[in-house]
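Rule-based calculations on the coordinates, nothing more; no lab input. For clarity, every value in this text was computed on a predicted model and none was experimentally measured. Every residue, glycine as well, gets a Cβ built from its backbone with ideal geometry; the counts of neighbours run over all protein chains shown.
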Amino acid sequence: MDPRDHWRQVYETKQPGEVSWFQDSPSPSLEALDRIDANPSQSLVDIGAGASVLADALLDRGWSDITLVDIAEPALDAVRRRLGARADQAHWEIADIRHWRPTRTYDIWHDRAVFHFLTTPDERQAYRRALLAGTHPGSHVIVATFALDGPDKCSGLPVHRYDAAGLSAELGDDFVPVADWIETHITPWGSDQRFQWAVFRRA
Ligand SMILES: C[S@@+](CC[C@H](N)C(=O)[O-])C[C@H]1O[C@@H](n2cnc3c(N)ncnc32)[C@H](O)[C@@H]1O
C-alpha cells in the first residue's frame, strides 16, 4: 500500500488514543527543546507531526513560527480542528518527506517517529536532501526513532531501529551530535516502547 493511503486510513479510522505513539503531553519533545535552550522566537518544523499535541504546547508557550508537515491530510485536519482559531498561527504542509523541498529553513527540525519508517538507503538519502534544504548552519535537529531494543514495527509497518551512533551516521558530518538519550514510551494499552532520542547541530 502507498504510505499516503496507509496513513490516511490510520487517521480516518482511529481516535488519537488508539495509536501506539499517542502522548497526552509532548514532554519528551519539550525536554529535548529545553536541552538546547530553545526559545519561542525560533522557528520549528515538525516532520510527520501527525495529530501530536506538540503544536498546542508550543503555541501555549508563545511560539509563533511553527510548521507542521505530514503525508496524511486527516492528521493535520485533526490538529487544525483542535486548535480552532489558533490554527492560523501555524503553517501547514501536506507532503511526503521523501519528496518535500522546503522553500525556507528552520532553526529547529523535530521528528518523532518518522525517520525510522525509511527503510531503504534511497529513502533516507531523500530525507537528508529535505533536511539539508530545511536547515541552516546552527539549526538543531531533534530525532526520535525506535531504539535498537524497541519494536521492529510501528503502525503495522517495518521500521529501521537506531542507536545514537547509527542516527549520526545517517545524518552525516554536517550534523554534529549534541545529546542523546533513551526514553521508554508507554502506549495507551500499557506496553513499553524504547525510543532513541538524539539532537544534532548543523555545522
Ligand atoms: C508514528 S506517527 C508519529 C506522529 C507524531 N510525530 C507524534 O509523535 O505523535 C508517524 C507520522 O509520520 C507521518 N509520515 C509517515 N511517513 C511520512 C512521510 N514519508 N512523509 C511525511 N510524513 C510521514 C504519518 O502520517 C504519521 O503522522
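Around TYR106, with a cut-off of 13 angstrom between Cβ atoms, what is the net charge of the other residues, counting Lys and Arg +1 and Asp and Glu -1?
Values: positive: ARG104, ARG202; negative: ASP46, ASP65, GLU93, ASP107, ASP111.
Here the count lands on -3.
Contact order, relative form, for the chain: 19 percent (alpha carbon pairs under 8 Å, 6 or more residues apart, mean separation divided by residue count).
The equivalent ellipsoid that matches the C-alpha gyration tensor of the chain spans semi-axes of 22, 21, 17 angstrom, in descending order.
Could you work out [θ]222 nm for the chain from helices alone, using -39500 (n - 2.57) per DSSP H run of at least four and dividing by all its residues? Round to the nearest 500 deg cm²/dmol. Present the calculation step by step, with values, prior to reporting the outcome.
Values: 6 runs with 60 residues, N = 203.
So the helix-based figure for the chain works out to -8500 deg cm²/dmol.
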